[in-house]
Amino acid sequence: MAQALSVEDLLDAYRTMKTIREFEDRVHVEFAKGGIPGFVHLYAGEEASATGVGMHLRDDDRLASNHRGHGHCIAKGVEVKGMMAEIYGKRTGTCRGKGGSMHIADLDTGMMGANGIVGGGPPLVCGAALAAKRRGKGGLAVAFCGDGASNQGTVFEAMNLATVWKLPVVFVFENNGYAEATDSRFSVSCKDIAQRAIGFGMPGRIVDGHDFFAVHEAFAEAAERARSGGGPSLIEHKLDRFFGHFEGDNQKYRPAGEVARLREETCCIKRFARKVTGEHGITAQQLSAIDDEVARLIDEAVAFAETSPEPEASDLLTDVYIKY
Ligand SMILES: Cc1ncc(C[n+]2csc(CCOP(=O)(O)OP(=O)(O)O)c2C)c(N)n1
């Protein structure tokens with residue numbers, strides 16, 4: 001169910017991938033300088049995955065993420081300056097500084113939240129998908145999880161419920177080969193996470209997660225199935241992360257030179273740029289104009305975050321309960 005992508009779509013995709021990469025590379029630098037509190041898990045290397053999915057999502061679709069959530073937020077349309085301020089724990093942040101990197105949520109754009117609980121997203125999207133199904137307007141919900149999360153009981157329960165209730169859900173497993181320091185060959189019971197779909201009675205597909213076009217095409221099919229009442233799907237994106245599990249991770253568990261080699265060989269942005277300039281008539285100048293635009297945006301986001309006020313002690317008492 002491949003969809004024709006216009007030049008505008010492709011430039012948008014490039015802008016999103018580049019924004020995620022620059023955001024992450026900059027957070028890496030600023031974290032090392034000591035400007036950012038708390039834990040940070042970077043997504044660089046996985047940009048094609050969030051972007052290829054996000055381009056299919058409407059504002060009223062819901063997305064639940066995991067601890068490595070910045071890319072998912074950006075692809076879902078969460079405002080970048082607010083995200084940066086949130087990571088800095090500032091009052092101007094998306095969640096007024098209360099969430100930090102691992103808990104960025106923005107219900108206006110359908111972002112249900114990054115999530116510090118591994119496997120926490122899938123049950124949430126089942127609730128959102130049930131609501132979408134009852135509304136009957138073709139809405140869907142997507143959960144992003146890692147290979148580690150694919151082993152969680154919460155994820156199995158959610159996949160079972162989604163099939164039994166024929167919910168409009170897509171489960172996307174971003175298999176970057178590691179759960180913290182554990183190679184997925186030592187923790188995932190089958191060769192491919194996609195095989196597990198068979199046991200739950202839903203379609204499962206393996207996709208090259210470095211290939212924006214492959215991600216975009218596979219998700220189009222799953223989204224169409226979900227929106228038209230066909231029920232859930234599972235997609236496994238095989239990809240790589242370019243940083244450690246968290247900022248500060250010495251990555252001793254990775255073979256020497258692996259990261260440098262991956263940055264050279266599997267970079268989804270370089271691959272995308274080669275393809276669109278070679279086959280889609282986009283010029284290097286068009287891409288570099290986007291590079292400049294993104295660089296300015298990230299500079300502004302960091303300046304905004306650095307100069308924003310800290311939360312007040314009284315902020316601890318707001319946003320704790322929701323009134324219905
Ligand atoms: C329920 C739960 N168990 C354990 C942890 C600790 N933990 C945080 S991230 C992580 C690994 C997750 O790996 P994966 O799902 O593959 O995602 P990746 O980091 O590779 O993107 C673990 C075990 C946690 N946060 N929550």
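The values are calculated or read from the model by the stated rules, or taken from the named source; none is laboratory data. Computed from a prediction, not measured in an experiment: that's the story for all the values here. Cβ placement follows ideal geometry from the backbone for every residue including glycine, while neighbour counts extend to all protein chains displayed. The area values use the complete protein model at the heavy-atom level, side chains included, leaving out ligands, DNA and RNA. Shrake-Rupley method; radii C 1.70, N 1.55, O 1.52, S 1.80 Å.
Determine, yes or no, whether E279 is closer than 25 Å to K81 by Cβ and of a type outside the set (A, V, I, L, M). Judged against the criteria, E279 is not a match. Among residues of the stretch 63-78 that are closer than 15 Å to V142 by Cα and modelled with pLDDT of 95 or more, those with a beta-carbon under 8 Å from a residue that is more than 13 Å from the ligand (Cβ to nearest atom) and of a type in the set (K, R) at least six positions away or on a different chain give the pairs L63/K76. Where helices (runs of 4 or more DSSP H) fall entirely within the stretch 195-290, those with at least 1 residues that are more than 29 Å from V170 (Cβ to Cβ) are at 258-265, 268-279.
Cβ-Cβ distances below 8 Å connect the following pairs, each with a first residue in the stretch 171-186 that is modelled with pLDDT of 95 or more, a second residue that is part of a strand (DSSP E or B) and open to solvent by 60 Å² or more (accessible area, probe 1.4 Å), and a separation of six or more residues or different chains: N175/K238. When each of G121, G138, G146 is tested for being within 29 Å of P311 (Cβ to Cβ) and in contact (Cβ under 8 Å) with a residue 40 or more places away in the chain, the lone residue that passes is G121. The set of residues in the stretch 119-151 being within 12 Å of the ligand (Cβ to nearest atom) and in contact with a Cys (Cβ under 8 Å, 6 or more places away or on another chain) consists of G119, G121, P122. Restricted to the stretch 30-100, the set of helices (runs of 4 or more DSSP H) holding at least 1 residues that are among the polar types (S, T, N, Q) and out of contact with any strand residue (DSSP E or B) (no Cβ under 8 Å at 6 or more places or on another chain) comprises 47-54.
Taking the listed residues G230, G199, the one that is of a type in the set (G, A, S) and free of Cβ contacts under 8 Å to residues at least 60 places away in the same chain is G199, with no other qualifying. Kindly indicate whether any position in the stretch 37-46 is away from the ligand (no atom under 16 Å from the Cβ), of a type outside the set (D, E) and more than 20 Å from K98 (Cβ to Cβ). For the stretch 37-46, residues away from the ligand (no atom under 16 Å from the Cβ), of a type outside the set (D, E) and more than 20 Å from K98 (Cβ to Cβ): absent.
Tallying residues that are away from the ligand (no atom under 16 Å from the Cβ) and touching a helix residue (DSSP H, G or I) at 6+ places or on another chain (Cβ under 7 Å) within the stretch 47-72 yields 7.
Restricting V172, V207 to residues that are in contact with a strand residue (DSSP E or B) (Cβ under 6 Å, 6 or more places away or on another chain) and either of a type in the set (D, E, K, R) or under 23 Å from A128 (Cα atoms) (or both) narrows the list to V172. Residues that are touching a residue at least 40 places away in the same chain (Cβ under 8 Å) and either open to solvent by 10 Å² or more (accessible area, probe 1.4 Å) or aromatic (F, W, Y) (or both) within the stretch 1-18 comprise M1, A2, Q3, L5, V7, D9, L11, D12, Y14, R15, T16, K18, listed in sequence order. Only one residue in R68, R135 is closer than 18 Å to R225 by Cα and not hydroxyl-bearing (S, T, Y). Which one? One residue alone meets the criteria, R135.
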